[in-house]
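The values are calculated or read from the model by the stated rules, or taken from the named source; none is laboratory data. Here the structure is a predicted model, which is why all the values come from computation and not from measurement. Positions of Cβ are generated from backbone atoms using ideal geometry, with glycine treated the same way; all protein chains shown enter the neighbour counts. These area figures cover heavy atoms from the full protein model, side chains too; ligands, DNA and RNA do not enter into them. Shrake-Rupley method; radii C 1.70, N 1.55, O 1.52, S 1.80 Å.
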Amino acid sequence: MSVLVTGGAGYIGSHVVRLLQQRGTGVVVVDDLSNGRPERVGDAPVVQLDLATDAAVPTLTAAIAEHGVEAVIHFAARKQVGQSVAEPARYWSQNVGGTANLLLAMEAGKVDKLVFSSSAATYGAPTTPLVREDGPAEPINPYGQTKLVGEWMTRAAGRAWGLRAANLRYFNVAGAGWDDLGDTAVMNLIPIVFSALDAQQAPAVFGDDYPTPDGSCVRDYVHVLDLAQAHLAALDHLATDDRPHDTFNVGSGTGASVLEVLAEVRAVTGVDVEPVVHARRAGDPPQLVADVERITTTLGWRATKDLHDIVTSAWSAWRR
Ligand code: WQD
């Protein structure tokens, strides 16, 4: 069997590609290479393609036939919340349009298994300490909206032609499974802090007056290698017929505040720079932490790595 991985040359996708290769599964990568790098995927064939273009359906259908594809893992998407607010149509076009094209090609090619990269951004600003998949999903930005619509699309395809999908709602993904697969984009807290340290600047804390134990925002940080393992668990699960659920939180189940992350960064790097408190960042929920009961019970997956492992591996990859 071979697995088609869209966005497979990206940060998270390349971790999944490597795990699939290690267990001997054939992989074909589809990536527009806007952020992805082909050297991350070893000897896997790479089809350079923007999923939102007219060429996508025929190109994907041909790749499915040529490589004997039996399942798809769909990472390829735009993922910057702020950019999605500024350029909403681009997000709808890329994320929703790209997923629609992929589903058309899968239906044509009779590929009925899909693992879809969804997001904790589908929850919006929850009011409960832990979020559950059966709780309200009220995204507060176009990025989160496109991910929620993606989940609806996979469900509708299930009803219409029998697609079997697992929608994985990622929490705050960080760390590196291998030094050559680190997150090279400086878009999230940990890489932003590393970048500040390199520039000998003080890391910024966006708000210390939230209703949380230390006043800074609390998030659920999950190691990218644990997250990648969740994709393999989901893929295996799609092969069985007894799936009670199609949507799963992928988090550690524990929260860490921005100040706690910065303390861990100080401990790991030995660089002792006092953070500077800034105003709150627009749209940040005070706390977003996964309830992981469903994925633990249904897929038998749980996070094995903690914040120390995340920061240590991220720093090692960053220095490389
Ligand atoms: C984390 C915390 C910031 C930078 C986003 C998406 C989410 C998911 C993960 C994919 C927040 C604070 C940040 C800084 C800071 N992605 N911060 N100083 O916003 O929790 O989640 O990425 O699906 O959907 O929304 O991640 O890394 O930007 O921020 O204090 O210099 O760190 O305010 O509380 P976020 P983040």
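Across the range 132-144, which residue is least open to solvent (accessible area, probe 1.4 Å) among those that are closer than 26 Å to ALA228 by Cβ and within 12 Å of the ligand (Cβ to nearest atom)?
Applying the filter and picking the extreme gives GLY144.
Scan the range 257-267 residue by residue and report those that are of a type in the set (A, V, I, L, M, F, W, C) and open to solvent by 40 Å² or more (accessible area, probe 1.4 Å).
LEU259, ALA263, ALA267
Of a type in the set (D, E, K, R) and under 17 Å from the mean Cα position of the chain (by Cα): is that true of ASP246 in this structure?
It is true that ASP246 is of a type in the set (D, E, K, R) and under 17 Å from the mean Cα position of the chain (by Cα).
Within the range 166-184, work out how many residues are open to solvent by less than 10 Å² (accessible area, probe 1.4 Å), hydrophobic (A, V, I, L, M, F, W, C) and farther than 16 Å from ARG319 by Cβ.
Of the residues in the range 166-184, 2 are open to solvent by less than 10 Å² (accessible area, probe 1.4 Å), hydrophobic (A, V, I, L, M, F, W, C) and farther than 16 Å from ARG319 by Cβ.
Looking at the range 15-31, can you tell me whether even one residue there is acidic (Asp, Glu) and crowded, with 21+ Cβ neighbours inside 10 Å?
Scanning the range 15-31 turns up at least one residue that is acidic (Asp, Glu) and crowded, with 21+ Cβ neighbours inside 10 Å.
Name the single residue that is farthest from ALA100 (Cα to Cα) among those in the range 26-66 being among the β-branched types (Val, Ile, Thr) and touching a Ser or Thr at 6+ places or on another chain (Cβ under 7 Å).
In this case the residue turns out to be VAL41.
Output the strands (runs of 3 or more DSSP E) that fall wholly within the range 1-64 and possess 2 or more residues being within 15 Å of VAL115 (Cβ to Cβ), of a type in the set (A, V, I, L, M) and in contact (Cβ under 8 Å) with a residue 60 or more places away in the chain, or say none.
Result: 2-6.
Working carefully through the options PRO45, PRO58, find the one that is under 29 Å from ALA176 (Cα atoms) and open to solvent by 50 Å² or more (accessible area, probe 1.4 Å).
Checking each option against the conditions leaves just PRO45.
Residue by residue through the range 268-302, note down the ones that are over 15 Å from VAL222 (Cα atoms) and without any contact (Cβ under 8 Å) to a residue 12 or more places away in the chain.
The answer is GLY270, ASP272, ALA282, THR297.
Checking ARG90 against (1) crowded, with 16+ Cβ neighbours inside 10 Å; (2) assigned to a helix (DSSP H, G or I), which test does it fail?
(1)
Of the conditions (1) touching a His at 6+ places or on another chain (Cβ under 8 Å); (2) assigned to a helix (DSSP H, G or I); (3) touching a residue at least 60 places away in the same chain (Cβ under 8 Å), ALA166 fails just one. Which one is it?
(2)
Please work out which residue is most open to solvent (accessible area, probe 1.4 Å), limiting yourself to the range 103-125 and to residues that are among the hydrophobic types (A, V, I, L, M, F, W, C) and under 21 Å from PHE248 (Cα atoms).
Once the filter is applied, the top-ranked residue is ALA125.
Answer yes or no: is there a residue in the range 157-168 that is over 30 Å from THR240 (Cβ atoms) and of a type in the set (D, E, K, R).
no
For the range 268-311: of the residues being in a helix (DSSP H, G or I) and in contact with a Gly (Cβ under 8 Å, 6 or more places away or on another chain), which is most open to solvent (accessible area, probe 1.4 Å)?
ASP309
Does the range 77-87 hold any residues that are open to solvent by less than 60 Å² (accessible area, probe 1.4 Å) and touching a helix residue (DSSP H, G or I) at 6+ places or on another chain (Cβ under 6 Å), and which are they?
ALA77, ARG78, SER84
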